[in-house]
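Written below as structure tokens is the structure these notes are about.
The values are calculated or read from the model by the stated rules, or taken from the named source; none is laboratory data. What you see is a predicted model, and the numbers here were worked out from it, not measured in a lab. Neighbour counts are summed over all protein chains in view; Cβ atoms, including those assigned to glycine, are modelled from backbone coordinates with ideal geometry.
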Amino acid sequence: MQKDVGSICSTEPNRLGFYSLFPMKLRALLALLIFSPALALFAEKSTSHPGYTFSDDHPGDATGKVYMGRFISHVMGHQGAPWLERSSREREEQPSKLVELMDIQPGDHVADIGAGSGYHVRRIAPIVGDEGQVYAVDIQPEMLAILERGLAAEGIKNVTMILGEIDDPKLPPASIDMAFMVDVYHEFSHPYEMTAALCQALKPGGRLILVEYRKEDPSIPIKPSHKMTAAQIRKEMAVHPLEHVSTDSMSLPWQHVAIFRKTAEPQAKD
């Protein structure tokens, strides 16, 4: 990078304006002093992505893609929608308790990432009310079609459905007070890119909530690659401009509820 700056100083002085008034060596020094912060920022951004690796030796419930030491799981297809709506879900997971823990307020703009059949969307839409908005994001058109039918059946109007991409939820910048993911994050094929995009979509101080099955507990009847430890959740969020607010591993029968808040700068790892 320094070679490029030196080249500009020596061969294209007219593009540097007032630099041409100074001797060559002083021009180079001034250019380095001015451009070094930008170069450092570029270098920081280019190395902040932890990267992905691949392995043929992976569990059957996972893809071969690895992120920060974790095998990424397969995605549950729209054929699994009935399981999301199962009658035993309240007893097994207590989603009504989860809604309380998320502390959603009237007027909030909330995004359900991986909204699926709309199980949670239908429960939080009445809470945010007419002054609020729920963004239901999913990458499967079939899931959004199921969700739309459920909203129509209940007459819910304050929901915007968004067909996202595997690395982009397609949310406007600084538009939401909170984004949450229920048993979804571990399926992201591009977790770094998705989380970065969600950080951009959050308003300053906005919250990101991950709800994940507890991998620490082998008695929870969920496939291992569809679980995460509390430590792994914090590890993966630490590379983003998020501060850890709390992790509640006791209130729900099967899941962690990890809450993060958007900050101005990336947080140092613990």
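Observations, loosely collected:
- Considered as a group, the residues in the range 148-164 that are part of a strand (DSSP E or B) and not polar (S, T, N, Q) include one that is surrounded by the most Cβ atoms within 10 Å (Cβ to Cβ), and that residue is 159.
- Test: residue in the range 165-177 that is free of Cβ contacts under 8 Å to residues at least 24 places away in the same chain, in a loop (DSSP other than H, G, I, E, B) and surrounded by fewer than 20 Cβ atoms within 10 Å (Cβ to Cβ): no
- Every residue from the range 197-229 that is surrounded by 18 or more Cβ atoms within 10 Å (Cβ to Cβ) and either small (Gly, Ala, Ser) or touching a Cys at 6+ places or on another chain (Cβ under 9 Å) (or both): 197, 201, 206, 208, 225
- Residue 126 satisfies every condition listed in (1) under 21 Å from residue 185 (Cα atoms); (2) out of contact with any strand residue (DSSP E or B) (no Cβ under 7 Å at 6 or more places or on another chain); (3) not aliphatic (A, V, I, L, M) except (1).
- Scanning the range 230-252 for residues that are of a type in the set (Val, Ile, Thr) and over 14 Å from the mean Cα position of the chain (by Cα) gives 245, 247.
- Given (1) touching an Asp or Glu at 6+ places or on another chain (Cβ under 9 Å); (2) closer than 16 Å to residue 183 by Cβ; (3) basic (Lys, Arg), index of the condition residue 157 fails: (2)
- Qualifying residue in the range 185-198 (condition: touching a residue at least 12 places away in the same chain (Cβ under 8 Å), in a strand (DSSP E or B) and in contact with a Phe, Trp or Tyr (Cβ under 7 Å, 6 or more places away or on another chain)): no
- Cross-chain or 6+ apart pairs with Cβ under 9 Å, the range 130-146 first and over 9 Å from residue 159 (Cα atoms) and at pLDDT 95 or above, then surrounded by 21 or more Cβ atoms within 10 Å (Cβ to Cβ) and of a type in the set (Ser, Thr, Tyr): 143/117; 146/117
- Answer residue from the range 185-196, given it is buried (at least 19 other Cβ atoms within 10 Å of the Cβ) and under 10 Å from the mean Cα position of the chain (by Cα) and is nearest to residue 102 (Cα to Cα) among those: 185
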